[in-house]
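Some notes on the structure that comes next.
The values are calculated or read from the model by the stated rules, or taken from the named source; none is laboratory data. Every value quoted in this text rests on a predicted model; they were computed, and no experiment measured them. Cβ: placed from backbone, ideal geometry, glycine included. Neighbour counts: every protein chain shown.
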Amino acid sequence: MEKVIKVLHVDAGTSFYRVERFPVGPFWGPVDLGLHLTGREAGRHGVLNFGTGLLAGSIFPGSNRLIFTGHSPCWGGFYVSAMGGAGLIFDDLGVNMVSLRGRAPSPSVLVLNREHGEEVQVELAPVDPGRIWASAPGGVYAMMDHVFGRWAREFKQTPRVLAVGPAAAATDFGAIASAPYQDGRTTHADCWAGRGGFGSKLFREHNICAVIYGGTCLDDDFRDRAVADEWFRQRYEKKLAAKDFEATTKYRFDPKFGTGGTFGVNYSTLGGRLLAFNYRSALWDEPARTALNKRLVTDHYLKQFNEETIAKKQQRTCGEPCSAVCKKLNGEFKKDYEPYQTMGPLCGIFDQRAAERLNRHADAAGFDAISAGGVLSWLMECLHEGLLKPGDLGVKSLPRWDAEKFDAVADSAHNAELGVGLIDSILESRGVLDLSLGARKLARRLSRSRGHEIGRRFVFLANARNGWMVPNQYWNAGALSPMAVMGKYYMYYGFDFVPPRELGRLNAGRMIQELIIDDLGICRFHRGWAEEMAPDIVQHIWGDSARFQEVIRATAGRVNSRNVAVFWESDRNIDFLLGFLKRKRDVEGDKNPELERWIKAFEADRRGAALDFWYEIRKGVSETLTTLY
Amino acid sequence: MIYLNGKPREHREGATVREILESAGLDPALAVVTLDGTFVPPSDYGRIRPAPGARLAARKMMEGG
Ligand code: SF4
């Protein structure tokens with residue numbers, strides 16, 4: 001088994017490259033090593049690292065994630081972003097990670113190819129991204145097709161393409177996309193390193209608009225199924241495949257709900273926890289929320305999904321063999337909960353055709369879809385409230401946000417069209433919409449020039465001076481936690497009330513668990529066994545699980561040592577939290593005296609209580625991730 | 001006797017966290033567990049045996065994504 005981690009350093013400015021080897025033991029995977037490289041080069045170079053975990057190419061399902069790390073342009077701190085399946089072909093390069101530095105003289109495609117034992121061939125080929133993005137099928141999809149069409153024949157086996165879209169050029173929250181290709185055609189099962197703005201980083205800092213990679217290098221991956229079955233039998237009395245099948249039920253099809261995937265299962269269970277119309281639903285009473293959920297989500301948005309996608313079994317994998325088949329599709333449209341939530345109910349869209357139109361437009365532009373939806377819903381509310389005029393934002397209409405009279409099809413289509421217009425305005429910097437330095441900067445600027453009512457409606461997490469992130473779409477306190485990395489699941493996002501200090505500790509515990517599977521490059525949808533088995537697997541294969549866990553804890557501590565979370569800058573964040581707390585007490589009947597005490601504190605001094613709550617979470621995080629000697 | 005999510009519960013001495021969760025009908029794969037306020041990593045569910053009187057909290061986690 002691998003005893004070293006091989007990093008291919010590529011300088012995009014000079015095309016110079018070299019391989020550096022790191023021993024397994026002090027280093028274990030793309031997160032801890034990515035953090036090390038980011039810190040080592042800090043002040044000299046910005047680096048973007050992407051690579052696989054040590055289990056890539058093994059028989060463990062879900063072990064082929066491609067993990068991106070580096071300083072995030074939008075978050076303003078170290079970030080980790082994971083892309084499904086793209087590690088499988090990366091593994092054929094015979095290196096574990098690429099660490100990219102420098103800036104290509106002109107926009108380029110990075111080509112990485114390797115035949116058997118030969119060296120990795122590295123080529124930087126100039127392209128005209130504007131022309132490619134403007135060609136059919138548009139944006140990242142056009143870039144993927146162009147790059148695949150031009151270079152794929154140079155590879156002995158089907159390569160994989162990472163691509164960015166125009167959002168990477170115009171904003172700090174451009175993502176990186178990659179769809180597997182089969183028989184020379186895209187599968188439409190796009191996978192994304194969505195959060196953290198690594199598409200913007202790749203393009204703006206390195207002048208790279210796509211990477212194509214592949215090879216035929218065979219290395220020594222763990223492929224002994226009989227042995228793995230025995231490990232699983234010892235713990236679960238089941239073979240690996242059977243345990244994995246059981247643990248991924250929700251992502252495939254859950255008979256309990258008659259649906260599957262994150263979209264299906266989440267919308268089947270949200271009820272009154274639905275977040276809609278830029279979180280204004282958090283200010284409503286429960287009957288209003290449940291009525292909206294029933295009429296527009298359960299009886300329409302979700303129903304369409306179940307009929308079109310689930311009943312017709314339109315599903316795929318991310319590119320690796322996986323029984324979860326979590327990519328739920330309707331033709332070319334892939335449906336995940338969070339993008340179809342932010343560019344769905346959060347924007348006043350409750351119809352699949354409308355959501356497809358807007359999501360496809362944002363995806364083609366190459367946005368972090370969750371952040372894009374959060375920004376759009378905020379801008380829509382500013383229009384709805386008359387705080388901004390359509391002309392300010394380069395559009396012609398106002399949103400239709402009358403929840404009571406809402407027409408699921410016509411009003412959703414109208415709002416989606418407005419969203420499409422706003423995206424075009426962002427890409428073209430129309431009116432006041434300059435998002436080149438991010439949405440927090442824009443909120444600050446607009447609040448100063450047009451009034452604070454604008455900024456107070458934008459729900460986001462603030463980090464360092466300009467860092468920002470639209471939170472994960474779960475209505476709970478965890479989603480707004482002051483963690484060093486937010487916008488992914490390095491926190492506890494269950495729906496129960498947890499006193500904030502304890503929540504901080506839980507967040508820290510969850511962060512460590514998520515780091516374990518990210519560092520091994522395992523898809524978190526397999527965490528039903530992966531979190532529990534990972535240390536055992538490391539012990540069996542590398543014989544040093546204790547060291548691995550120590551490195552993970554140290555990594556969590558190091559990431560947290562860079563924690564520059566800033567207290568909530570938007571009043572709507574407080575509405576979000578207080579709405580959650582009141583709902584726990586008044587709707588779900590939680591009698592925890594701590595909950596009552598916090599609600600009273602909020603009623604007495606809203607902002608002061610919010611600050612105390614925030615700090616209590618932070619204390620819980622720090623006391624867990626800091627070593628006291 | 002132990003306390004599971006604040007409620008007293010008969011306890012077989014020596015039972016692991018995993019066994020306690022399963023006997024209460026909770027899916028360990030979807031639980032975020034604390035024992036006397038301390039987070040328990042899933043890899044320890046089969047190893048840790050709460051003592052009588054312990055306070056075990058098993059919170060349900062959403063799937064995410
Ligand atoms: S669950 Fe989905 S993303 Fe994860 S490995 Fe399976 S198909 Fe890929």
Check your understanding: Does A:Gly494 fit the bill of being surrounded by fewer than 24 Cβ atoms within 10 Å (Cβ to Cβ), in contact with a strand residue (DSSP E or B) (Cβ under 6 Å, 6 or more places away or on another chain) and not aromatic (Phe, Trp, Tyr)?
Key -> yes
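Could you check region A:487-496 and list, in sequence order, the residues that are touching an Asp or Glu at 6+ places or on another chain (Cβ under 7 Å) and more than 10 Å from chain B (Cβ to nearest Cβ)?
A:Tyr490
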Review point. Given (1) surrounded by fewer than 22 Cβ atoms within 10 Å (Cβ to Cβ); (2) in contact (Cβ under 8 Å) with a residue 12 or more places away in the chain, where does A:Met469 come up short, assuming only one miss?
Key: (1)
Review point. For A:Ser449, are the conditions met, namely being assigned to a helix (DSSP H, G or I) and among the small types (Gly, Ala, Ser)?
Key: yes
Check your understanding: What tally of residues in region A:231-286 results from selecting those that are within 14 Å of the ligand (Cβ to nearest atom), within 22 Å of B:Met62 (Cβ to Cβ) and either part of a loop (DSSP other than H, G, I, E, B) or more than 13 Å from chain B (Cβ to nearest Cβ) (or both)?
Key -> 3
Review point. From the list A:Arg618, A:Arg572, A:Arg547, which one is away from the ligand (no atom under 16 Å from the Cβ), assigned to a helix (DSSP H, G or I), surrounded by fewer than 17 Cβ atoms within 10 Å (Cβ to Cβ) and of a type outside the set (Gly, Ala, Ser)?
Key: A:Arg547
Review point. Tell me, which residue of region A:311-322 that is crowded, with 18+ Cβ neighbours inside 10 Å and either near the ligand (Cβ under 8 Å from one of its atoms) or of a type in the set (Gly, Ala, Ser) (or both) is nearest to the chain's Cα centre (by Cα)?
Key: A:Cys318
Exercise for review: Look through region A:325-334, keep the residues that are part of a loop (DSSP other than H, G, I, E, B) and away from chain B (no Cβ under 11 Å), and return whichever of them is nearest to the ligand (Cβ to nearest atom).
Suggested key: A:Val325
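Table: residues versus (1) assigned to a loop (DSSP other than H, G, I, E, B); (2) buried (at least 21 other Cβ atoms within 10 Å of the Cβ).
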{"residue": "A:Thr69", "(1), (2)": "no, yes"}
{"residue": "A:Val80", "(1), (2)": "no, yes"}
{"residue": "A:Val95", "(1), (2)": "yes, yes"}
{"residue": "A:Leu112", "(1), (2)": "no, yes"}
{"residue": "A:Gly117", "(1), (2)": "yes, no"}
{"residue": "A:Val122", "(1), (2)": "no, no"}
{"residue": "A:Ala136", "(1), (2)": "yes, no"}
{"residue": "A:Met144", "(1), (2)": "no, yes"}
Check your understanding: Are any residues in region A:82-93 within 16 Å of the ligand (Cβ to nearest atom) and either more than 10 Å from A:Phe198 (Cβ to Cβ) or assigned to a helix (DSSP H, G or I) (or both), and if so, which ones?
Key -> A:Ala82, A:Gly84, A:Gly85, A:Ala86, A:Gly87, A:Leu88, A:Ile89, A:Phe90, A:Asp91
**Study point:** Test for A:Glu230: is it on the phi > 0 side of the Ramachandran plot and either acidic (Asp, Glu) or not assigned by TED's automatic domain parsing to the domain that holds A:Phe350 (or both)
**Key:** no
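Any idea which of A:Gly57, A:Gly76, A:Gly70 is out of contact with any strand residue (DSSP E or B) (no Cβ under 8 Å at 6 or more places or on another chain) and more than 13 Å from the ligand (Cβ to nearest atom)? Spell out how you get there, then give the answer.
Values: A:Gly76 fails: out of contact with any strand residue (DSSP E or B) (no Cβ under 8 Å at 6 or more places or on another chain); A:Gly70 fails: out of contact with any strand residue (DSSP E or B) (no Cβ under 8 Å at 6 or more places or on another chain).
When all the criteria are applied, what remains is A:Gly57.
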Point to revise | Spans of strands (runs of 3 or more DSSP E) in chain B with at least 2 residues in contact with a Leu (Cβ under 9 Å, 6 or more places away or on another chain) and within 12 Å of chain A (Cβ to nearest Cβ) | key: B:31-35, B:38-40, B:55-60
Review point. Any residue in region A:449-462 that is touching a Gly at 6+ places or on another chain (Cβ under 8 Å) and over 24 Å from A:Ala365 (Cα atoms)?
Key: no
Point to revise | Options A:Ala369, A:Ala410, A:Ala355, A:Ala362; residue that is within 14 Å of another protein chain (Cβ to nearest Cβ) and at pLDDT 95 or above | key: A:Ala369
Check your understanding: Of all residues in region A:288-310 being over 24 Å from A:Arg524 (Cα atoms), out of contact with any Asp or Glu (no Cβ under 8 Å at 6 or more places or on another chain) and of a type in the set (Ser, Thr, Tyr), which is nearest to the ligand (Cβ to nearest atom)?
Key -> A:Thr298
Point to revise | Looking only at region A:173-194, and only at residues there that are closer than 22 Å to A:Asn96 by Cα and not in a strand (DSSP E or B), the one that is nearest to the ligand (Cβ to nearest atom) | key: A:Pro180
Practice item. Count, please, the residues in region A:490-522 that happen to be under 17 Å from the mean Cα position of the chain (by Cα) and farther than 16 Å from B:Pro42 by Cα. Key: 3
Point to revise | The lone exception for A:Gly504 - which of (1) surrounded by 24 or more Cβ atoms within 10 Å (Cβ to Cβ); (2) under 20 Å from A:Gly197 (Cβ atoms); (3) more than 10 Å from chain B (Cβ to nearest Cβ) it fails | key: (2)
